[in-house]
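Right, one structure below, let's go through it.
The values are calculated or read from the model by the stated rules, or taken from the named source; none is laboratory data. In this text the structure is predicted, and so the values were computed from the model without any measurement. Don't worry about glycine lacking a Cβ; one is built from the backbone with ideal geometry, like all the others, and counts go over all protein chains shown. Surface areas here come from the heavy atoms of the whole protein model, side chains and all, with no ligands, DNA or RNA. Shrake-Rupley method; radii C 1.70, N 1.55, O 1.52, S 1.80 Å.
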Amino acid sequence: MTQAIRNSVDIINARVPGYKDLQMLLVNEEGVIEQILPMGTVGTHRRAPLQDVAGDWISLGGVDLQINGALGLAFPDLTAENAHKLQKISQFLWDVGVDGFLPTLVTTSVENIQRSLAIIAEFLPNQPAGAKILGVHLEGPFLNLQKRGAHPAEYLLPLTMDRVKQVLGDYAHVVKVITLAPELDFTGEVIPYLRSLGIIVSLGHSQATSTQGQCAFKQGATMVTHAFNAMPALHHREPGLLGAAIIHPDVMCGFIADGEHVSPTMLQILLRASDREQGLFLVSDALSPLGLPDGVYPWDSRQIEVKNGTARLADGTLSGTTLPLLVGVQNLVKWGICDVESAIALATNAPRKAIGLPGIIKSQSANLLRWHWDETTKELTWQRAIAAVAIVKPEAENLSVTLNSI
């Protein structure tokens, strides 16, 4: 019989996003961070084993607030027959460095939305090992027809209280974020109502002016969905929704760093204007072929073609990516527009902040990533860090030590 025994561990000489200088992370037997302390602090060394990461970065795993599917399953297509794939997707996302995610339901029929919400609601209480579902992101169906992008026009709905209640049904408690076009609400009632339910409102697929954006922020909206995409461009006389969001201290914008959705130059402008992880967070916007090779795949009643990780409809409309979240971190550094610390924080601490979760602090579960910057190759790589040591005893009585990610 194989038995795993967890021991506490001290991770030393670590760079940690948000902390100055080198740190020591003390992790207890339960896999919880007890302390994050500066190296050299008197009396902090407790016990072996030590893991010396030699100046590498240590972070929590990524959190993806906009991911449409993976391994061939689009979340709006969830059924009782394929619901078991959620477990496989959770494990896959864990393997690509993601600790938590919001399955994103793009615009589809109310029936499809309700079915998917019901299945996820049933899955939530007893999630297996792997990346955890933190709630659902409804990206639609309350979007502006003129900025619908790849969302099917036939399923878009007017933004009214009755329609919102119809879509949410009995599953408002499952929805964490909803993307909507604020200019469609002529009553000013919808955003305050959603906030009263504990749902975070993100603005997107919108033609909103700067004034309309500011009004929505006053009503309680705190996020913007995939900055630059499916919204008016920044203009020197009409900054639009994005301009209003960038200067608002309590609004955070998601963005995609695949090099296709937004050019690196514009991302550099966005990063500088938004104070990086203070006002931004990375998303993958990955579609169901995430984890599968390039090719042609079904997408609702249509097809998408995936080339080099970019997905497009037959008419060339950009519909998403099939690149994991942490590729965006590596891209930002590779393009030379972001330092390593900020790039890591944009996929780990920042998305947590956007949905009201803490970053890397004591009392957090020590699901840690170790990032290494190679000065010679100029490459940023990562692996699951050692946050506990599992001693495995095989049948042959041959003891060996394996690294256990927690």
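Can you name the number of the only condition in (1) over 24 Å from residue 88 (Cβ atoms); (2) open to solvent by 20 Å² or more (accessible area, probe 1.4 Å) that residue 182 fails?
(2)
Mind counting the residues in segment 146-179 that are within 21 Å of residue 300 (Cα to Cα), assigned to a helix (DSSP H, G or I) and open to solvent by 30 Å² or more (accessible area, probe 1.4 Å)?
Residues in segment 146-179 being within 21 Å of residue 300 (Cα to Cα), assigned to a helix (DSSP H, G or I) and open to solvent by 30 Å² or more (accessible area, probe 1.4 Å): 5 in total.
Residues of segment 200-220 being under 24 Å from the mean Cα position of the chain (by Cα), surrounded by fewer than 24 Cβ atoms within 10 Å (Cβ to Cβ) and part of a loop (DSSP other than H, G, I, E, B), which ones?
If the condition is that a residue be under 24 Å from the mean Cα position of the chain (by Cα), surrounded by fewer than 24 Cβ atoms within 10 Å (Cβ to Cβ) and part of a loop (DSSP other than H, G, I, E, B), then 220 is the only one that fits.
Report, by residue number, each residue of segment 376-395 that is modelled with pLDDT under 50, among the acidic types (Asp, Glu) and within 25 Å of residue 325 (Cα to Cα).
Within segment 376-395, no residue meets the criteria.
Does segment 83-101 include one or more residues that are of a type in the set (Phe, Trp, Tyr), open to solvent by 10 Å² or more (accessible area, probe 1.4 Å) and in a strand (DSSP E or B)?
No: zero hits.
Take segment 241-261 and flag every residue that is closer than 16 Å to residue 147 by Cβ and modelled with pLDDT under 95.
Listed by number, the list holds a single entry, 261.
Please determine, by comparing only the residues of segment 125-145 that are among the aliphatic types (A, V, I, L, M) and open to solvent by less than 50 Å² (accessible area, probe 1.4 Å), which one is farthest from residue 173 (Cα to Cα).
Per the criteria, the residue is 143.
Could you look through segment 49-82, keep only residues that are over 19 Å from the mean Cα position of the chain (by Cα) and closer than 19 Å to residue 168 by Cα, and pick out the one that is surrounded by the fewest Cβ atoms within 10 Å (Cβ to Cβ)?
79
Six or more apart or on different chains, Cβ under 8 Å: which pairs go from a residue in segment 183-207 that's closer than 18 Å to residue 225 by Cα to one that's part of a strand (DSSP E or B) and open to solvent by 20 Å² or more (accessible area, probe 1.4 Å)? Could you list them?
Final answer for the pair search is 199/176; 200/176.
How many residues are buried (at least 17 other Cβ atoms within 10 Å of the Cβ) and in a strand (DSSP E or B) when one looks only at segment 23-33?
6
Within segment 76-96, can one find any residue that is modelled with pLDDT of 95 or more and over 30 Å from residue 141 (Cα atoms)?
Scanning segment 76-96, I find at least one residue that is modelled with pLDDT of 95 or more and over 30 Å from residue 141 (Cα atoms), so the answer is yes.
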